[in-house]
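Structure first, then comments.
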Amino acid sequence: MDMLTAISPTILHQFDQAIHHEWLETNGLGGYASSTVIGAHTRRYHGLLVAAVNPPVGRAVMVSRLDETIHIQDRIHELSTNKYCGAIHPNGYIYLHSFERGLFPTFTYKVEDVMIRKTVAGIHGENTVVIIYEIQEGNLPVRLSLKPLYNPRNYHALAKRSAPINTDYSFEGDTFYALPQPSLGPIFIKVPNASFSEDPNWYYNFEFTVEQERGMEAVEDLFTPGQFEVNLQKGQKFGIILSTEPATGRDAVELYEAEKVRRLALIQKGPGQSPLIDRLTLAADQFIVKRNENQKTIIAGYHWFTDWGRDTMIALPGLCLANGRHDDAKKILQAFGAHTSQGMIPNRFPDYQEDPEYNNIDATLWFFVAIYKYYQATQNLAFIQEEMLPILGSILEWHERGTRYNIRMDNDGLLSGGEEGTQLTWMDAKVDDWIVTPRRGKAVEVNALWYNAWKIYAHFLHEVGAGGKANQAENQAHTIHEAFQEQFWSPELGYLYDVIHEGKKDDALRPNQLFAVSLPFPLLTHNQAQQMLEQVSHHLFTPVGMRSLAAHDPLYEPIYTGDQYNRDKAYHQGTVWSWLIGPYMDVLIRVKNEWGKEQVRVILQQFEAHLDQAGIGTVSEIFDAKSPNIPRGCIAQAWGVSEILRIIHEYDLFPAHKNRSPLLGNLIPQIYQKMISKPSVKKQVAE
């Protein structure tokens, strides 16, 4: 009923294919559950309960997995799949009948005449995962055995038996309790009406194939205290809870049903009705998380990114505003505004209470764009005038006179920045002391943002009645516009220079120039935009995003693979970035109008196929520049999801009168209303 993506047995039964399809469930705190569709972990970041110990950061793999076995009379069938060094054991993937991703990831196993369905759900607002089992077919009684495997650790690390671990455990009522690593907190596992057999053991040499490919350490050991056993009958819905919070008195099925209602409500607010929108609306929710008591932020990507200023501001319009989450957007802007320092918002918040880092030149300018789009969506002038406008004025003053990393306005009005050993633009790959794309000086997208910052500031000043100051800001913007046209546009090339530094102009053909047209206040004439679009379309466009460098450039690297050196060498030297398809579609529509919209609809229809690859139901960070454009990097990237939603919302590409997706058919409004009308949304809803 709630299926959007289905992975067929043809793929599920081929180990080498299946492990390249992954699922992700998040909890609104920065924590998650994730693995491959067959349950074999291939990354150090995979785990069944990955908690955000200090939300949204401090992530720790608390419970790696539950190994599942079913007993049918005297016959034993292991449903789990593990990759060890030199072996796959057990090989439960042969029993997988289907994997589906709708509101939740769902696995269906067929063993003899028994069909057992498993659903995994991350519970919003807490480090809790519930797993729901249901016997759908089969007349024989089934006994389910569950063996928890854990060795809690920071999610960037790996753990071996040699590391200290407390193997003691106890029961609090019907809930298992353990404190393997006191610094990370407890584990609670509730398996109602189950027996527990103590059988402490270590399992050695779990092997993570993706980590091997990345040139990283790839082996760890896990501990089990024993196993739970419970009897199941056909038609019975049985749920377990894994959490860092006490689970006694809580019901897994009730938690699942309440989470189901919450997700249906998100779909109701989506920017239209189509399969693509429904899927991306659910994906968007995974990135919006809590920071401190009353603030929100955006996780840049799963599994390893935290909240980055640049990614957050770029992603905010698509994740929040397109989905009607205006209050979340406001809290995010407040959170970053509160950490402004020397006219800069943070580049990122570190994992462990350290001071924020400010090594960027563009995140603060994206802050202006995010605020402007928030105002367009809400018309909340009081918030702009009282909270944001003073911050924006201070930011511009700091940039005029100079701030960190030699960031300052030059005599011509353009913004320059950079110093030896730092990477400040979004093209920020660094290997040891090697800055792969330093881009020091005046970068094209930075100055497009710089111009937009002044235009946005002037707009807000006009809105609050400060006409004199608004005119001064407009004059500054005009100066920037004139200098930009004079210095960046190349009539001979038909596109914009990428960076200008010490009189040298870098003519590398990169997608950064798209922002000179895609931002709220463009800097190019229509004819210039047409010429630029032609060059970018021919050399940079792919069906899944934009190449970061044209293939004819001698520095072009088409494949993103290998160890960190080789990966970072390619990261911005050809590698395709999903988020850049957003500004490309902006330019298409602005240059070609209605014909551009039709082209964009075709691009989106083609792009949707990617949602069945890599991270199921979401958008990958990057792709190889060469066909077949294999997904790489993070399996779920905030700005990759957000830019598609933003385009759909801002240009009303799939209006609400269109047919809704097969997620719940046209029944979503009726089912949602029926569910929320119940005295408790935690009651199971009749199919």
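Of the solvent-accessible surface of the range 501-549, computed with a 1.4 Å probe and all protein chains present, 47% belongs to carbon and sulfur. Remark on Y556: its backbone amide H falls under 5 Å from none of the residues 5 or more positions apart or on other chains, H modelled at 1.01 Å from N.
Once you sort the root eigenvalues of the Cα gyration tensor of the range 389-542 as a ≥ b ≥ c, which label holds: rounded (a/c under 1.5), prolate (a/b larger than b/c) or oblate (the other case)? Cα axes put the range 389-542 in the oblate bin.
Angle, helix 581-607 long axis vs. longest principal axis of the chain, Cα atoms, 0 to 90°, nearest 10? The two axes meet at around 20 degrees. Can you give the local net charge around D74? Use residues other than it whose beta-carbon is closer than 14 angstrom to its beta-carbon, Lys and Arg +1, Asp and Glu -1. The answer is +1. Summary value for the range 141-284: 26 percent relative contact order, contacts being C-alpha pairs under 8 angstrom separated by 6+ residues. Using only Cα atoms, find the angle between the long axis of helix 389-401 and the longest principal axis of the chain, and express it within 0 to 90 degrees, rounded to the nearest 10. Helix 389-401 and the main axis of the chain meet at about 60 degrees. With helices as the sole contributors, the chain gives -9500 deg cm²/dmol at 222 nm; each DSSP H run of n ≥ 4 counts as -39500 (n - 2.57), and the sum is divided by every residue. Legend: calculated FRET efficiency, K504 to L555, from the Cβ-Cβ distance at R0 = 25 Å, rounded to 0.05, equals 0.95.
Where in the range 361-388 does the amide nitrogen come within less than 15 Å of the point 7 Å from the Cα of Q334, taken along Cα to Cβ? Output list for this probe position: 380-388. Taking GluC sites (Glu not before Pro) across the range 362-432, the ones in a DSSP loop with at most 15 further Cβ atoms lying within 10 angstrom of their Cβ are E419, E420. For the range 74-140, the share of accessible area belonging to carbon and sulfur comes to 46 percent (1.4 Å probe, ligands and nucleic acids excluded).
Expressed as a whole percent, the accessible area of the range 280-370 that falls on carbon and sulfur atoms is 42 (1.4 Å probe).
Per residue, the solvent-accessible area of the range 499-635 (1.4 Å probe, heavy atoms of protein chains only, all protein chains present) comes to 37 Å². Multiplying the residue separation of E245 and Q472 by 0.36 nm and subtracting their alpha-carbon distance yields 76.2 nm.
As a calculated quantity, the FRET efficiency between E293 and A163 at R0 = 25 Å, using C-beta atoms, amounts to about 0.15.
Note on S183 and A265: their simple-model spin labels are 3.8 nm apart, each label 7 Å out from Cα toward Cβ. How high is the relative contact order of the chain, in percent, counting Cα pairs under 8 Å that sit 6 or more residues apart? Averaging sequence separation for qualifying contacts and normalising by length gives 13 percent for the chain. Note that the range 527-609, at 25 °C in a medium of 0.890 mPa s, gets a Stokes-Einstein diffusion coefficient of 180 µm²/s from its Kirkwood radius over C-alpha pairs.
On a 18 Å Cα-Cα criterion, which of the cross-link pairs K118/K269; K83/K160; K190/K237; K260/K331 come out too long? Violating the 18 Å Cα-Cα cut-off are K118/K269; K260/K331. Seen from H501, the other residues with C-beta closer than 9 Å to its C-beta sum to a net charge of +3, counting Lys and Arg as +1 and Asp and Glu as -1. Each of Q376 and H326 was given a label point 7 Å from its Cα along the Cα-to-Cβ line. The distance between the two points is 1.6 nm. With contacts taken as Cα pairs under 8 Å at a separation of at least 6 residues, the range 19-155 carries a relative contact order of 26 percent.
Taking Cα atoms only, the orientation of helix 326-337 departs from the longest principal axis of the chain by about 70 degrees. The range 243-281 and the range 405-419 have Cα centres lying 46 Å from one another.
Label zone of E419 (point 7 Å out along Cα→Cβ, amide N under 19 Å): in the range 309-352 this covers 341-348. Set the Förster radius R0 to 30 Å, insert the Cβ-Cβ distance between Q233 and S197 as r into 1/(1 + (r/R0)^6), and round the FRET efficiency to 0.05. After rounding to 0.05, the efficiency reads 0.90. The residues of the range 206-247 have, on average, 35 Å² of accessible surface per residue, using a 1.4 Å probe with all protein chains present. Among the chymotrypsin sites (Phe, Trp or Tyr not before Pro) in the range 315-410, those placed in a DSSP loop whose Cβ has at most 15 other Cβ atoms within 10 Å are Y352. Taking the structure as given and computing volume of the Cα convex hull per residue in Å³, which label from (1) 319; (2) 155; (3) 243 fits? Checking each listed value against the structure points to (2).
Report for the chain the percent antiparallel among DSSP-assigned beta bridges with both residues inside it, nearest 5.
100
Solvent-accessible surface of the range 363-449, averaged per residue with a 1.4 angstrom probe and all protein chains in place: 37 square angstrom. Placing dummy labels 7 Å off each Cα toward the beta-carbon, the span from I72 to K592 is 5.4 nm.
The values are calculated or read from the model by the stated rules, or taken from the named source; none is laboratory data. Remember, it's a predicted structure, so these values are computed and weren't measured experimentally. Neighbour counts are summed over all protein chains in view; Cβ atoms, including those assigned to glycine, are modelled from backbone coordinates with ideal geometry. Calculation scope for accessible area: heavy atoms of the full protein, side chains included, ligands and nucleic acids excluded. Shrake-Rupley method; radii C 1.70, N 1.55, O 1.52, S 1.80 Å.
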